[in-house]
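What follows is a single structure, written as structure tokens, with notes after it.
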2 protein chains.
Amino acid sequence: MDIPALLTSAGMNIGISVGMFSLYSILRKQPLNVKVYFGQRVSQGRTRNETLCFERFVPSASWILKAWEATEEDIFASGGIDAVVFLRIVIFSIRIFSIAAILCTFLVLPLNYFGQGMERVIDSNAMDLLTIGNVREGSRWLWAHCFTLYIISGCACTLLYYEYKNVARMRLEQVNRFPARPSNFTVLVRGVPWCAVESYNESVGKFFGNYYASSYIAHQIVYRSGAVQTIMEDAEMMYNLVTAAPAKPCEPNADRCGLCGERSNSFKATSSESETETKNRKIEDELREKECEAALVFFRSRYDALVVSHTIQSADPMLWVTELAPEPKDVFWQNLCVPFNLLWIRKISVFIASIVFSVLFLLPTTFVQGLMKIEYLQSVFPWLRGLSRRSYYVNLITGYLPSLVLTVFLIIVPPTMMLFSTLEGAVSRSTRKRSACVKVLIFMFWNVYFSNILSGSWIERMGKLTVTSPRDMITLLAELIPRQASFFMTYVMTSGWSGLGCELLQPVGLLGNWLFKCVLQKEEEFCRPVTFSYHTEVSRVLLFGLLGFTFCILAPLILPFLLVYFFFAFLVYRNQIMNVYFVKYQTDGSYWPLAHNATIFSLILTQVVAAVLFGMKKSSSASTFTIPLIILTALFNVFCKNRFLPVFKNRAAKVLIEMDRDDERSGKLEEILEKLTTAYNQFELCGVEPPGKEEKPKKGSNGSLEDLAIVKTGSPSAEVVVNGGSPPAEVVVKSGSPSAELPPPPPPPPEPEPNIVSIN
Amino acid sequence: MDIPALLTSAGMNIGISVGMFSLYSILRKQPLNVKVYFGQRVSQGRTRNETLCFERFVPSASWILKAWEATEEDIFASGGIDAVVFLRIVIFSIRIFSIAAILCTFLVLPLNYFGQGMERVIDSNAMDLLTIGNVREGSRWLWAHCFTLYIISGCACTLLYYEYKNVARMRLEQVNRFPARPSNFTVLVRGVPWCAVESYNESVGKFFGNYYASSYIAHQIVYRSGAVQTIMEDAEMMYNLVTAAPAKPCEPNADRCGLCGERSNSFKATSSESETETKNRKIEDELREKECEAALVFFRSRYDALVVSHTIQSADPMLWVTELAPEPKDVFWQNLCVPFNLLWIRKISVFIASIVFSVLFLLPTTFVQGLMKIEYLQSVFPWLRGLSRRSYYVNLITGYLPSLVLTVFLIIVPPTMMLFSTLEGAVSRSTRKRSACVKVLIFMFWNVYFSNILSGSWIERMGKLTVTSPRDMITLLAELIPRQASFFMTYVMTSGWSGLGCELLQPVGLLGNWLFKCVLQKEEEFCRPVTFSYHTEVSRVLLFGLLGFTFCILAPLILPFLLVYFFFAFLVYRNQIMNVYFVKYQTDGSYWPLAHNATIFSLILTQVVAAVLFGMKKSSSASTFTIPLIILTALFNVFCKNRFLPVFKNRAAKVLIEMDRDDERSGKLEEILEKLTTAYNQFELCGVEPPGKEEKPKKGSNGSLEDLAIVKTGSPSAEVVVNGGSPPAEVVVKSGSPSAELPPPPPPPPEPEPNIVSIN
């Protein structure tokens, strides 16, 4: 790529970005779009009325100021710890690449330009003169590159250490910040063994009642996905039957926690009529069939739950598998029913599918590089020569189009990886998103970075390139990375700069909203607040980090482009996190170890490529001098892994025991335990609308099916005795537990955001 | 290598082996050698008197019969679970290679011989005609090889599954078999934080007394290695001081568990004299300095200990690191004092040292291959040509010498790896040996197998061989493995057959014993019973397994040699385990997962090499048909990893809870807990002879220093009040614990095997 093409691309992208930023600053002031641009605020009831005035139609930068002025506490309040960690990744990038930009602009860039290594090469273009390729072989100037690499690596490791420490501290504080989280007291059990004489429900009750008698409170069986709706229908049918029996003042009754809870039957009635009893038993049997081999088990203290989640329960490690449960809103119910012993097959299948997907993606990548290297293709396809007469088209095709095409193709990657993570069997939305993030990241590193570099070179050599070993690969990278700098500059502009504009504008939400309100004139909302796409954005930022590190001493001209991106990303994401996105679940900072590993990988790749390049430039002393740096970086990584990673994998017993004691002393524990058994409501949390809610107001308000389906704690269930085959109540809610001793808990408070769902 | 050289080697080895076996059958009957050949029986007091008769000097096979007739229970009684697992590895090898031998002899070998692929090759020799190299390119006969590979892989996986299941069951039974193991109740704590105002001892007591009030019984600080002797000297000095004070009926007193136990001072006296007190305080201060940041903490139940060992204690994961303690005799005391935060540096250093050692070992390997390929060397070194006139020498040099030289060089590997594992910081002898086993195994696979194959080829091509990628490597292996078959046949004979003879004869013990008794006329024993060298023998058997799998369809002639080895190994090791070796510690079957992984590696390598070879022989359909087999084998491995491996990493909560309950019901628990706090005696277990024991009988028998140093529970310590700065007794032995409530435990029973030490 030559300079005109790069300038064309820069012009296009700057124009588009400035346009989108301006448009956003106008559109955000329109009342029509308030749900698109202030979804979070709307969901919290913090809306505002704008009067129709001239200012509403003038672009302004007030949002930038607000985003700049927000403190970390504001971000934490709006976006939780994950948002803070994400912005820490951006801040880390800004810091390290500012240092790198200063060093490289004043030291490396002049040396590259005056390096005189390329006078002999005929097809060199102006861009390549600024890369390390222009430094003469055996030049002493390479020591400056080596020195710069040392400083950048040192700064990066220092910054990484403090950030890791900081994030680890924040994660530890999370436990204290949310002491009443139900997940602290709950263990998810999978692989409940099948038993011919007992239902899963009874097995779980017996097992934990027996072995954890002092700490076990209650449990809640998980029903098969799709079964929830059927259960509701059955319940409705029974309700009809019960209310149709006029002889007695018969009242529908469900035992505590109802359908989604501790008993295998959805509800029981006192009707003495044999017909009702038969149907009742039939439904009970049907329900038993719909139980999954998974359950949520509640414990008396955080430490007890931790202990159960950390030990192997049974001699067969595929049975009674325990782990700490996710938060209620974080649970991904449909995956809880996946049999535990099939998980490894799913994981392997997804692994193979990911590889196939990556391989298939080589086609668009090669096509993109083909567009860029159009002069090479012209020799094969002569009809392309007509293009070269019109230089503007050529500049557009080689400068702007390739990165645009790649960016468009990449849009399908995050949803695909999300699908893969779902199929893999993640039990919570947060782990699913994090797992998707890992997949997207690896995909980006491989398919955007390596395969672009390699396929570009493959086209240049007309398919004669063969890479058979890691050593070949490194040598090739050292040779090719500087030559691909201009493509990645345009990629940073297209995917980064214009991407930020898109992020601000939210085109899908905007158009949908406009279509619903203005064209279709519908009442309901098109767009509901969505959760932040960490899996897309974290991997994009880390990919740009990889570009920054690997190009910084080889082709430093990319750094200003990256810095502009990171700076605006900082502002844009702050704004979006505070206004648009809704926090439904958190990973408690689990994205940081990922970012750390990706950065260490980038650093070591940079160092290895630099060492090889120094060797190729016949400066073997500089090359040898780089090797200790690689070893030191690897050691630093091992140190961090030992020092900080356990915090992200486990919880400290000391902290939990102290919290338990504090709560017990202050009496808060009973309050927490009361709410605990009703916290995980498969019906509500699955988003199933109880059938009696809106469509059937005829059922009467007091004994409505909604009450029946969710929790029926206020009903006089104690007086109603049923001679079913189910075990007595102490199996399910342990006698002696606070929730059994205390009066039944009040019905759960109404959800604060009843309409909010995640589109991920 | 040609057939005469192979026959020379076979003749030499058969002669040597038969000689050693016969010699053994005579020597074992001599009373002089009873401690060499029946060390285990002697240590158990089961000796027998042989009368001088003619039979004592006639070789006999009675030991073979006895070894054959022994049941698995006998082996378990003599050698524990590890011996059983080791013999299961041998039995697995016998089974799978019998199947392979039958298939390959009747199907593969004839096809290879009549393959007609080598008529064009000039330098082929008779041995190569029996390898797959003789099959024509594109021949349909390769399908027979592919079919054989499928059957062998299927049988191997089936056998592996049942063996793994079996070993996992045995491991689970171990817990029930030894319910009173102190290690079940004990947790090793490392990384105790340093505190200016408290000793480590006090910190540990406070921490566990606070957070585990209901389950913590007592703890025992670990003293610095080398400090134990000093403590003994101090104690002796104090004893002298105390006994020299005549005013009061002063009696030496140590608090419970004495020096190695719960108090930081080795003992305290009631002497009111200020001089004694000053010295006492001085010694106390000195002792405090000798404390390590590690301690053994005792808990009331197995489940409590498991729970503590499985949770992270502190928010800083480098502090209060817990793991289940090893058995008392298994503890490797000197490594307990290695600061926990230095362990990762040690591990990395050992990793680097292992690589360097492996690289250095390429020299002897290349030398060995140089001997074998002497005809190639003759072109470089003309003076070697003189040798070829005497064909017997050539046969000896190319046939027998190479494998002998390699075997001799390999003798230094196990001790080196043991040293590495010691430096790595293993806290128990069993984990140290297992870790050494892993290292030896990797070393053997790499330095015996791969580097012999590659260096042999390197010499053939006069140093022109370059391997740059895994793909090159696989292609090379496919080409080279059949050509190295004859070398490995001689290696199996030298290292295997003659190795078994050496194992039987125990030349070091025999010569040493003879030298001590007959030449030096010394009274004491030269050889004490030693523990079995699993790290050497397991890796040897697994290396032969690798040879068997990779050669079975490529050059099946090696299989009979291997089968002979495995069959005699079965007999010899049974005999040795029952008679010679002493069990000091066990890994509870941890060698099986290692054997499983090594076998899976061998299988997959075989399949990959076969697939590449089929491709090279232009039978691409057979090559493609092998790929599903590779995937299936990998899937089988993942399945086994999920199904069985957790049993080897953790203990099941259910089992432990049930054992705890049974013990509590039957009253055994109190008995166990009584013995618990005296089980870990750093003095006794370090092998330090208490100074008052033999050398100083003048101290008097009743108040001897030995009693003082080890346990002084019978003394009226409650009456003796000392105003030291140490915390009151309830910090150390928790009040309310059975050991505090019950009368003090009796002094520990005398060690049954006082003289037995391990030479490893």
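The values are calculated or read from the model by the stated rules, or taken from the named source; none is laboratory data. These numbers come from a predicted model, not from an experiment. Every residue, glycine as well, gets a Cβ built from its backbone with ideal geometry; the counts of neighbours run over all protein chains shown.
Against the criterion of being within 22 Å of B:Cys337 (Cα to Cα), modelled with pLDDT of 75 or more and in contact with a His (Cβ under 6 Å, 6 or more places away or on another chain), B:Ala295 qualifies.
Can you spot a residue in region A:503-513 that is buried (at least 22 other Cβ atoms within 10 Å of the Cβ) and either in contact with a Cys (Cβ under 7 Å, 6 or more places away or on another chain) or under 30 Å from A:Asn134 (Cβ atoms) (or both)? There is no residue in region A:503-513 that is buried (at least 22 other Cβ atoms within 10 Å of the Cβ) and either in contact with a Cys (Cβ under 7 Å, 6 or more places away or on another chain) or under 30 Å from A:Asn134 (Cβ atoms) (or both). Close contacts from region B:180-201, counting a first residue that is in contact (Cβ under 8 Å) with a residue 60 or more places away in the chain and under 19 Å from B:His310 (Cα atoms) and a second that is of a type in the set (Lys, Arg) and surrounded by 16 or more Cβ atoms within 10 Å (Cβ to Cβ), with Cβ to Cβ under 7 Å and a gap of 6+ residues or different chains, come to B:Asn184/B:Arg302; B:Phe185/B:Arg302. Is it the case that A:Pro317 is within 14 Å of chain B (Cβ to nearest Cβ), in a loop (DSSP other than H, G, I, E, B) and not acidic (Asp, Glu)? When the stated conditions are applied, A:Pro317 passes them. Any residue that is buried (at least 18 other Cβ atoms within 10 Å of the Cβ) and within 14 Å of chain B (Cβ to nearest Cβ) - is there at least one of those in region A:355-364? No, there is no match, as no residue in region A:355-364 is buried (at least 18 other Cβ atoms within 10 Å of the Cβ) and within 14 Å of chain B (Cβ to nearest Cβ). Screening region A:591-618 for residues that are surrounded by 17 or more Cβ atoms within 10 Å (Cβ to Cβ) and among the small types (Gly, Ala, Ser) and picking the one that is nearest to the chain's Cα centre (by Cα) gives A:Ala595. Out of all the residues in region A:233-251, is one or more of a type in the set (A, V, I, L, M, F, W, C), modelled with pLDDT under 85 and under 35 Å from the mean Cα position of the chain (by Cα)? The answer is no, given that none of the residues of region A:233-251 is of a type in the set (A, V, I, L, M, F, W, C), modelled with pLDDT under 85 and under 35 Å from the mean Cα position of the chain (by Cα). Entry remark, region B:300-314: residues being outside any helix (DSSP H, G or I) and either out of contact with any Leu (no Cβ under 9 Å at 6 or more places or on another chain) or facing chain A (nearest Cβ under 8 Å) (or both) number 4 in total. Within the option set A:Asp2, A:Asp82, A:Asp74, being modelled with pLDDT of 85 or more and surrounded by fewer than 21 Cβ atoms within 10 Å (Cβ to Cβ) holds for one residue only, A:Asp74.
Within region B:94-110, take every residue that is touching a Ser or Thr at 6+ places or on another chain (Cβ under 9 Å) and surrounded by 23 or more Cβ atoms within 10 Å (Cβ to Cβ) and give me the one that is modelled with the lowest pLDDT. First the steps, then the outcome.
Looking only at region B:94-110, we keep the residues that are touching a Ser or Thr at 6+ places or on another chain (Cβ under 9 Å), and these are B:96, B:100, B:103-104, B:107-108.
Among the residues that remain, those that are also surrounded by 23 or more Cβ atoms within 10 Å (Cβ to Cβ) are: B:96, B:100, B:104, B:108.
Numbers: B:Ile96: 95, B:Ala100: 93, B:Cys104: 89, B:Val108: 85.
Among those that are touching a Ser or Thr at 6+ places or on another chain (Cβ under 9 Å) and surrounded by 23 or more Cβ atoms within 10 Å (Cβ to Cβ), it is B:Val108.
Taking region B:280-298 as the search range and keeping residues that are out of contact with any strand residue (DSSP E or B) (no Cβ under 6 Å at 6 or more places or on another chain) and either in contact (Cβ under 8 Å) with a residue 24 or more places away in the chain or not charged (D, E, K, R) (or both), which one is nearest to the other protein chains (Cβ to nearest Cβ)? Once the filter is applied, the top-ranked residue is B:Glu293.
Against the condition of a type in the set (Val, Ile, Thr) and crowded, with 21+ Cβ neighbours inside 10 Å, how does A:Val408 come out, does it pass? No.
Yes or no: region A:660-679 includes at least one residue that is facing chain B (nearest Cβ under 8 Å) and free of Cβ contacts under 8 Å to residues at least 40 places away in the same chain. Checking region A:660-679: not a single residue is facing chain B (nearest Cβ under 8 Å) and free of Cβ contacts under 8 Å to residues at least 40 places away in the same chain. Restricting region A:169-209 to residues that are β-branched (Val, Ile, Thr) and part of a helix (DSSP H, G or I) leaves a set whose member that is surrounded by the most Cβ atoms within 10 Å (Cβ to Cβ) is A:Val204. Report, by residue number, each residue of region B:329-347 that is in contact with a strand residue (DSSP E or B) (Cβ under 9 Å, 6 or more places away or on another chain) and either farther than 21 Å from B:Gly205 by Cβ or facing another protein chain (nearest Cβ under 9 Å) (or both). Those that are in contact with a strand residue (DSSP E or B) (Cβ under 9 Å, 6 or more places away or on another chain) and either farther than 21 Å from B:Gly205 by Cβ or facing another protein chain (nearest Cβ under 9 Å) (or both): B:Asp330, B:Phe332, B:Asn335, B:Val338, B:Leu343.
Considering only residues in region A:640-656 that are of a type in the set (A, V, I, L, M, F, W, C) and more than 7 Å from chain B (Cβ to nearest Cβ), the one that is surrounded by the fewest Cβ atoms within 10 Å (Cβ to Cβ) turns out to be A:Leu645.
Going through (1) part of a helix (DSSP H, G or I); (2) within 30 Å of A:Ala436 (Cβ to Cβ) one by one, A:Tyr581 falls short only on (1). Residues of region A:325-350 that are of a type in the set (Phe, Trp, Tyr) and surrounded by 18 or more Cβ atoms within 10 Å (Cβ to Cβ): A:Phe332, A:Trp333, A:Phe340. The set of residues in region B:620-649 being touching a Ser or Thr at 6+ places or on another chain (Cβ under 7 Å) and either modelled with pLDDT under 90 or more than 17 Å from B:Leu149 (Cα to Cα) (or both) consists of B:Phe648 alone. It is to be established whether one or more residues within region B:619-638 are buried (at least 18 other Cβ atoms within 10 Å of the Cβ), within 8 Å of chain A (Cβ to nearest Cβ) and part of a helix (DSSP H, G or I). So far as region B:619-638 goes, no, none of its residues is buried (at least 18 other Cβ atoms within 10 Å of the Cβ), within 8 Å of chain A (Cβ to nearest Cβ) and part of a helix (DSSP H, G or I). Run B:Ala67 past the list (1) surrounded by 14 or more Cβ atoms within 10 Å (Cβ to Cβ); (2) modelled with pLDDT under 90; (3) within 21 Å of the chain's Cα centre (by Cα) and report the number of the one that doesn't hold. Tallying (1) surrounded by 14 or more Cβ atoms within 10 Å (Cβ to Cβ); (2) modelled with pLDDT under 90; (3) within 21 Å of the chain's Cα centre (by Cα), B:Ala67 fails exactly one: (3).
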